[in-house]
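Take a look at the structure set out below.
The values are calculated or read from the model by the stated rules, or taken from the named source; none is laboratory data. The model shown is predicted, which means the values in this text are computed figures rather than measured ones. Note that we place each Cβ from the backbone using ideal geometry, even for glycine, and neighbour counts take in every protein chain shown.
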Amino acid sequence: MMREVAVLLRDVWKSYKFGVEIVNVLKNVNAVFMRGEVIGIHGPSGSGKTTLLKIIAGLERPDRGEVIVCGYNLNLLDEVGLSMIRNSIVSYIPQDYGLIESLTVFENVELPLLIAGVDKLSRLRKVSEVIKYIGLNGKEWLRPTRLSGGERQRVAIARALVTTPSVLLADEPTANLDWSNAIKVMELFKDIKKDFNTTIVIVTHDPRILEFVDRSLTMFEGTLKEITPKTY
Amino acid sequence: MDFKSGAALTAIKILSRGKGIYIIITTSSLLLYYPIFVKNPRITYLLVVISVLNALVAVLADIDTHKSLFYVFRICGATPSTLMAYIITTSSVITLISLIPITIGIDVFGVLTSLLMNISVTTSLLYMSYIKVRKYS
């Protein structure tokens with residue numbers, strides 16, 4: 001059976017201006033991520049990993065090159081089009097989880113559905129299902145401040161999962177967790193891949209995380225390379 | 001429920017659980033004393049200035065929450081019009097509460113001036129925060 005391409009990056013370049021200096025954060029990045037694959041991108045801080053995730057999520061635009069996500073060429077979409085992609089096809093989990101402290105767990109997970117205009121009954125059913133799936137039932141009405149780091153990460157994953165996206169992008173999902181919680185989160189990602197056939201792209205500076213992924217890539221000074229098993 | 005009413009609902013939830021709403025309700029309640037008991041045109045027009053400051057403080061009190069929400073709305077796929085619906089709902093609620101003492105003590109021209117000033121100040125502040133979040137996220 002032919003596997004579907006989820007993300008295609010072709011000759012992607014991105015630079016930022018710091019004062020008078022222009023820094024190339026991404027240099028000629030080429031990659032193909034298939035549907036249902038768990039990809040690990042490893043590299044030191046400042047190597048361009050987060051920028052790459054934001055470009056795939058349509059939060060930033062590349063200076064040059066093509067980004068195709070589930071058949072949509074992001075370069076051809078306007079801000080409204082990119083919003084639709086983020087709401088239904090790609091979900092991004094930021095490193096700091098991005099939870100709203102004054103909203104409950106349920107309300108945080110509900111946000112993408114509210115934005116999508118889903119009716120109240122369907123929202124209630126879908127959010128309850130996702131909260132149960134990630135193992136946080138009974139904690140729906142707590143505020144994020146009452147949760148542990150691992151639980152907060154799970155809420156962020158639930159919010160990303162509630163719209164059943166094809167591509168899930170996680171920025172350093174284990175950076176703020178101890179090793180036992182990190183293993184639980186990585187096992188959860190494996191379950192999501194198996195149950196929803198989701199493409200999961202994880203960026204990390206921790207090489208131990210690469211044990212849990214199907215394919216590993218390394219990012220160094222803006223260039224992306226495939227890692228052969230011997231190099232880590 | 002469409003896109004925009006979802007944003008408005010979230011704005012109301014955020015406002016009702018923040019510090020800003022308590023600040024503005026308390027200040028507006030205290031200010032009611034002047035238009036009711038002190039019939040002095042100078043003092044009543046001073047209310048316009050205090051009302052603008054009151055609205056400004058109410059937005060600033062919850063500005064970090066508003067900024068977090070702009071960021072989360074963006075990553076969850078909110079369109080610019082959804083974010084504007086959030087900004088306008090927040091500004092309108094704050095403006096309406098801050099206008100209560102003005103409507104009692106000042107003429108129609110004063111009320112309209114305050115309405116315009118308060119809504120401009122709160123909307124601009126929230127919109128600038130949104131632009132900043134959009135630029136740096």
Right, B:VAL93: farther than 27 Å from A:GLU110 by Cβ and out of contact with any Pro (no Cβ under 6 Å at 6 or more places or on another chain) or not? no
Only one of A:VAL38, A:VAL67 is farther than 21 Å from A:PHE189 by Cα, among the β-branched types (Val, Ile, Thr) and more than 9 Å from every other protein chain (Cβ to nearest Cβ); which? A:VAL67
The stretch A:19-51, subset part of a loop (DSSP other than H, G, I, E, B) and touching a residue at least 60 places away in the same chain (Cβ under 8 Å), residue surrounded by the fewest Cβ atoms within 10 Å (Cβ to Cβ): A:SER45
Expected single match for farther than 22 Å from B:TYR86 by Cβ, among the β-branched types (Val, Ile, Thr) and assigned by TED's automatic domain parsing to the domain that holds A:LYS14 among A:VAL130, A:VAL69, A:VAL80 is A:VAL69
Out of all the residues in the stretch B:1-49, which are surrounded by 15 or more Cβ atoms within 10 Å (Cβ to Cβ), of a type in the set (Lys, Arg) and more than 16 Å from the chain's Cα centre (by Cα)? B:LYS4
May I ask you to list the residues in the stretch B:45-100 that are of a type outside the set (A, V, I, L, M, F, W, C) and free of Cβ contacts under 8 Å to residues at least 60 places away in the same chain? B:ASN54, B:ASP62, B:ASP64, B:THR65, B:SER68, B:GLY77, B:PRO80, B:SER91, B:SER92, B:THR95
Taking the residues in the stretch A:215-232 that are at pLDDT 85 or above and surrounded by fewer than 20 Cβ atoms within 10 Å (Cβ to Cβ) as candidates, determine which candidate is farthest from A:VAL29 (Cα to Cα). A:ARG215
Of (1) of a type outside the set (Gly, Ala, Ser); (2) in contact (Cβ under 8 Å) with a residue 60 or more places away in the chain; (3) crowded, with 23+ Cβ neighbours inside 10 Å; (4) within 23 Å of B:VAL133 (Cα to Cα), A:PRO112 satisfies all except one. Which? (2)
Subset of the stretch A:83-106 [of a type in the set (Ser, Thr, Tyr) and either surrounded by fewer than 19 Cβ atoms within 10 Å (Cβ to Cβ) or farther than 25 Å from A:LYS49 by Cβ (or both)]: A:SER88, A:SER102, A:THR104
For the stretch B:66-99, which positions are of a type outside the set (A, V, I, L, M, F, W, C) and under 14 Å from the mean Cα position of the chain (by Cα)? B:HIS66, B:TYR86, B:THR89, B:THR90, B:SER91, B:SER92, B:THR95, B:SER98
Given B:SER29, B:SER5, B:SER51, which one is at the interface with another protein chain (Cβ under 10 Å from one of its Cβ atoms) and polar (S, T, N, Q)? B:SER5
Given the criteria assigned to a helix (DSSP H, G or I), in contact (Cβ under 8 Å) with a residue 12 or more places away in the chain and either farther than 26 Å from A:LEU224 by Cβ or in contact with an Asp or Glu (Cβ under 6 Å, 6 or more places away or on another chain) (or both), does A:ARG152 qualify? yes
Take the stretch A:75-89 and flag every residue that is within 24 Å of A:ASP11 (Cβ to Cβ) and assigned to a helix (DSSP H, G or I). A:ASN75, A:LEU76, A:GLU79, A:GLY81, A:LEU82, A:ILE85, A:ARG86
Filter pass, A:PHE18 being over 14 Å from the mean Cα position of the chain (by Cα) and either over 21 Å from B:ILE75 (Cα atoms) or away from every other protein chain (no Cβ under 14 Å) (or both): yes
State whether the residues of the stretch A:122-133 include one that is outside any loop (DSSP other than H, G, I, E, B) and within 12 Å of A:SER91 (Cβ to Cβ). yes
Read through the list (1) in a loop (DSSP other than H, G, I, E, B); (2) under 17 Å from A:GLU151 (Cβ atoms); (3) facing chain B (nearest Cβ under 8 Å), then give the number of the only condition that A:GLN95 fails. (3)
